[in-house]
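The values are calculated or read from the model by the stated rules, or taken from the named source; none is laboratory data. Just so it is clear, the model here is predicted, and its values are computed rather than measured. Here the Cβ positions follow ideal geometry from the backbone for every residue, glycine too, while neighbour counts run over all protein chains shown.
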Amino acid sequence: MSEAVRVLVGRADLARRVRELGRAITEDYAGRQPVLLSVLKGGVWFLADLVRAIDLPLEVHFLAISRYGDAEESQGRVQILLDVDVDIAGRDVLLVEDIVDTGLTCRYLLSVLAARDPASLEVCTLLDKAARRIVPLVPRYVGFQCPDRFVIGYGLDDRERYRNLPDLLQVEDLASLRAAAEPLEAPPARA
Ligand code: 5GP
């Protein structure tokens, strides 16, 4: 594997934790039919595995957003390019995120969704970069705490690349990753 990255969470640990989250959600939402919302594109890989670990009738819908600059520049204001095509009033809504960093994007989306009067509104994030939080936001479900490092793989990109890597990789040297001529290969599975 390139020295520009190292494995943060391997695929076996990812699969195990996603199953645990699925079990917790199944118990917590028993008797209900939650609506899972995912933000394109990064959260889709996690969502696809998570829903298969939830043993409940549920719905999946998508949002697409575009940011005005990075989260801090934009103060989390985003433009909603694709909105949820279902009325969430009175529904149990779970916003499924790849990563909560400053929390600004998530807080903005929660404020938009809360205004539509769901019965409940919670966040499930694969990664929580809590050390970088600017706004108070505590996701109900967290896959892994994340160091203050740039992470790629399992849906997370750098300039649209690397989403297909099956492990979560921590970038040690972004410049050399970007300069690398050859594609970053999927590293072998960790035991
Ligand atoms: P926030 O508004 O919480 O600061 O930003 C969250 C968004 O920033 C995530 O949905 C993701 O698009 C992006 N982001 C934050 N940290 C990382 C990271 O380590 N890797 C990647 N690929 N995206 C990140």
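Asp87: under 23 Å from Leu21 (Cβ atoms) and acidic (Asp, Glu), yes or no? Let's see the steps before the verdict.
Numbers: under 23 Å from Leu21 (Cβ atoms): no; acidic (Asp, Glu): yes.
In short, no.
Test Arg32 against the criterion of being part of a loop (DSSP other than H, G, I, E, B), surrounded by fewer than 18 Cβ atoms within 10 Å (Cβ to Cβ) and of a type in the set (D, E, K, R), and give yes or no. Walk me through how you get there before you give the answer.
On the way: part of a loop (DSSP other than H, G, I, E, B): yes; surrounded by fewer than 18 Cβ atoms within 10 Å (Cβ to Cβ): yes; of a type in the set (D, E, K, R): yes.
Taking the combined requirement at face value, the residue satisfies it.
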Inset, instruction - For Val93, state whether it is at pLDDT 95 or above, more than 9 Å from the ligand (Cβ to nearest atom) and within 18 Å of the chain's Cα centre (by Cα). - result: yes
Inset, instruction - State which residue is nearest to Ala175 (Cα to Cα) when the search covers only segment 1-60 and only residues that are of a type outside the set (A, V, I, L, M, F, W, C) and within 16 Å of the ligand (Cβ to nearest atom). - result: Arg6
Legend entry - Any chance Leu165 is part of a strand (DSSP E or B) and at pLDDT 95 or above: no
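Taking the conditions exactly as written (within 24 Å of Pro57 (Cβ to Cβ), of a type outside the set (A, V, I, L, M, F, W, C) and surrounded by fewer than 21 Cβ atoms within 10 Å (Cβ to Cβ)), does Arg91 satisfy them or not?
Details: within 24 Å of Pro57 (Cβ to Cβ): yes; of a type outside the set (A, V, I, L, M, F, W, C): yes; surrounded by fewer than 21 Cβ atoms within 10 Å (Cβ to Cβ): yes.
Spelling it out, Arg91 is indeed within 24 Å of Pro57 (Cβ to Cβ), of a type outside the set (A, V, I, L, M, F, W, C) and surrounded by fewer than 21 Cβ atoms within 10 Å (Cβ to Cβ).
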Inset, instruction - Kindly indicate whether Ala130 is without any contact (Cβ under 8 Å) to a residue 12 or more places away in the chain and among the aliphatic types (A, V, I, L, M). - result: no
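Quick check on Val86: is it farther than 26 Å from Gln145 by Cβ and either within 18 Å of the chain's Cα centre (by Cα) or crowded, with 18+ Cβ neighbours inside 10 Å (or both)?
no
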Legend entry - Answer from Ile65, Ile99 - the residue that is of a type in the set (A, V, I, L, M, F, W, C), within 13 Å of the ligand (Cβ to nearest atom), surrounded by fewer than 19 Cβ atoms within 10 Å (Cβ to Cβ) and outside any helix (DSSP H, G or I): Ile65
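Taking Leu104, is it buried (at least 20 other Cβ atoms within 10 Å of the Cβ), touching a Leu at 6+ places or on another chain (Cβ under 7 Å) and closer than 18 Å to Ala64 by Cβ? Break it down into steps so the answer makes sense when it comes.
On the way: buried (at least 20 other Cβ atoms within 10 Å of the Cβ): yes; touching a Leu at 6+ places or on another chain (Cβ under 7 Å): no; closer than 18 Å to Ala64 by Cβ: yes.
Answer is no for this residue.
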Inset, instruction - Among residues belonging to segment 134-149 that are buried (at least 16 other Cβ atoms within 10 Å of the Cβ) and near the ligand (Cβ under 10 Å from one of its atoms), point out the one that is modelled with the highest pLDDT. - result: Cys146
